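Written below as structure tokens is the structure these notes are about.
The values are calculated or read from the model by the stated rules, or taken from the named source; none is laboratory data. Values in this document were obtained by computation on a predicted structure and should not be read as measured data. A quick note on method: Cβ atoms are made from the backbone with ideal geometry, for glycine too, and the neighbour counts reach across all protein chains shown. Protein only, heavy atoms only, side chains kept; ligands, DNA and RNA dropped before computing areas. Shrake-Rupley method; radii C 1.70, N 1.55, O 1.52, S 1.80 Å.
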Amino acid sequence: MSDAGRGLSPPGVLFAGMGLAALALPFLTLRANRIVAGDGVMLWDSAPLSHVLPGLLAMAAGLALGIPASAPLRRFGGSLLGLAGLLWLLATGAGALLVDAGDLARVSPAAGFWCLLLTLMLLMADALAQMKPGPKARAGLLILLLAALAAVLWSGMLSDLSIAQEYASRRDAFRSATLRHTGLAFGSLAAAAATGFPLGILCHRRPGLRGATLPVLSFLQTIPSLAMFGIMIPILGWVGSSFPAAQALGIAGIGFAPAFLALVLYSLLPVVSNTVAGLDAAPPAATEAARGMGMTPAQRLWKVELPLGMPVILAGLRIVLVQNIGLAVIAGLIGGGGYGTFVFQGLNQTATDLILLGAVPTVLMALVSAVVMDILVDLTRRTPERPA
């Protein structure tokens, strides 16, 4: 065993210090109703000591398991143990604080909870980076974590939290927002891929077209998102009012159409540039060998260049997907729907938990999409990456 393997993990020590410092911050916030400012409640004051102690010990043990540099699997298990303790403290603390607090009282996670969550997630990411699991192992792990999260939400364990009460009162609107947000993010990705992929192939074949196209797409990327939506409003408003067929399809100055078109325009540069880079990445020896075998340009494209460039092309689609999931929040500002609706309603009402109802699923969707796309990129690699 190496000296480094027998020592301490510097990130693990840092995470343990961060977790200890987070205990000095309020763990929960108790408010008289959903709008007024609340009072911070420390972790040990949130519930009886007999309820706090098990969760606190689990978190401490999880952070302690992350300190040794060796045994990354044990460090990963420590992060899971710590997260389980954190969830226990959140659930028991919310329930205890609402007893005799009034029908309109709300409990929300405070700075201490978010810092502890961030610390344990960083510990998990560091342990996974050390373990270097393969694509199939990562896919299995992602499914298990999502199943565990679904089980926690389905059990009602967190139903006393304010964000859960916001969800309960907007259940139908949340489902509609989820469908609209998914349609904006994934639909714009599909439209950009259908447009940008052939354009990238043409740019790969014709350097002159590449020199004219990529600067234009780069310019589109520099336009701020709100300005882009503002540009789309009069254009699509004119199209909707001038062409009845377009109006019948739902194209108008505000709503889904301008948000969708803006996301497609933002997506074109990563799709086109990564397609060009992926096709260019094919080794000259491979293309020359294919040419020597008598393959036509179309055969070389589909049988040589595309398979070899697929990881780079998928990496571009990953960038687009994560980018669009985040940008789709802005669509709520122009009536495009999605999770942004809750975010802007929360900003107008100074209701923090309503903002979280839109922000948390957006972040979760982006994280899951990024992991899935990373797995696809690794699966398409002809030569798997080996640890240094």
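Worth pointing out:
- Debye log10 I(q)/I(0) for the chain, one point scatterer per Cα, at q = 0.06 Å⁻¹: -0.33
- Sulfur and carbon atoms: percent of accessible area, the stretch 74-233 [1.4 Å]: 71
- Loop-located trypsin sites (Lys or Arg not before Pro) in the stretch 104-150 (DSSP state not H, G, I, E or B) with no more than 13 neighbouring Cβ atoms inside 10 Å do not occur.
- Residue 76 sits among other residues whose Cβ lies under 13 Å from its own Cβ, and their net charge, with Lys and Arg +1 and Asp and Glu -1, is +3.
- For the stretch 41-182: rounded, prolate or oblate by the Cα gyration tensor [a/c cutoff 1.5]: oblate
- When the Cα positions of 20, 359, 192 are compared along the charge dipole of the chain, 192 comes out farthest toward the positive end, with charges on each C-beta of Lys, Arg, Asp and Glu.
- Taken about its Cα centre, the stretch 78-162 carries a charge dipole of roughly 500 debye when the Cβ of each Lys and Arg holds +1 and the Cβ of each Asp and Glu holds -1.
- Estimated from helical segments only, the mean residue ellipticity of the chain at 222 nm is -24500 deg cm²/dmol, where each DSSP H run of four or more residues counts as -39500 (n - 2.57).
- Whole-Å distance, taken between Cα centres, linking the stretch 240-309 and the stretch 218-235: 21
- 0 to 90° range, to nearest 10: angle between helix 135-155 axis and the chain longest Cα axis: 40
- On the stretch 309-388, 68 percent of the accessible area sits on carbon and sulfur atoms, based on a 1.4 Å probe.
- Using alpha-carbon coordinates, inclination of helix 340-349 to the longest axis of the chain, degrees: 40
- For the stretch 212-278, the average shadow cast by the Cα convex hull is 5.2 nm², which is a quarter of the hull's surface.
- Working ranking of peptides 183-195, 278-290 by packing, defined as the average number of other Cβ atoms within 10 Å per residue, highest first, is 183-195, 278-290.
- Gyration tensor verdict on the stretch 144-303 (Cα atoms; rounded if a/c is under 1.5, prolate if a/b is larger than b/c, oblate otherwise): oblate
- Angle between the chain longest axis and helix 306-327 axis [Cα atoms, degrees, rounded to 10]: 50
- Report note on the peptides 354-362, 223-231, 197-205: ranked by the mean count of other C-beta atoms within 10 Å, highest first, their order is 354-362, 197-205, 223-231.
- Dividing the convex hull volume of the alpha-carbon atoms in the stretch 126-174 by its residue count gives 116 Å³ per residue.
- The residue list 269, 127, 323 was ranked by how far each Cα lies along the charge dipole of the chain toward its positive end, using unit charges on Cβ atoms, and 269 comes out on top.
- Surface accessible to a 1.4 Å probe, per residue, for the residues of the chain, Å²: 50
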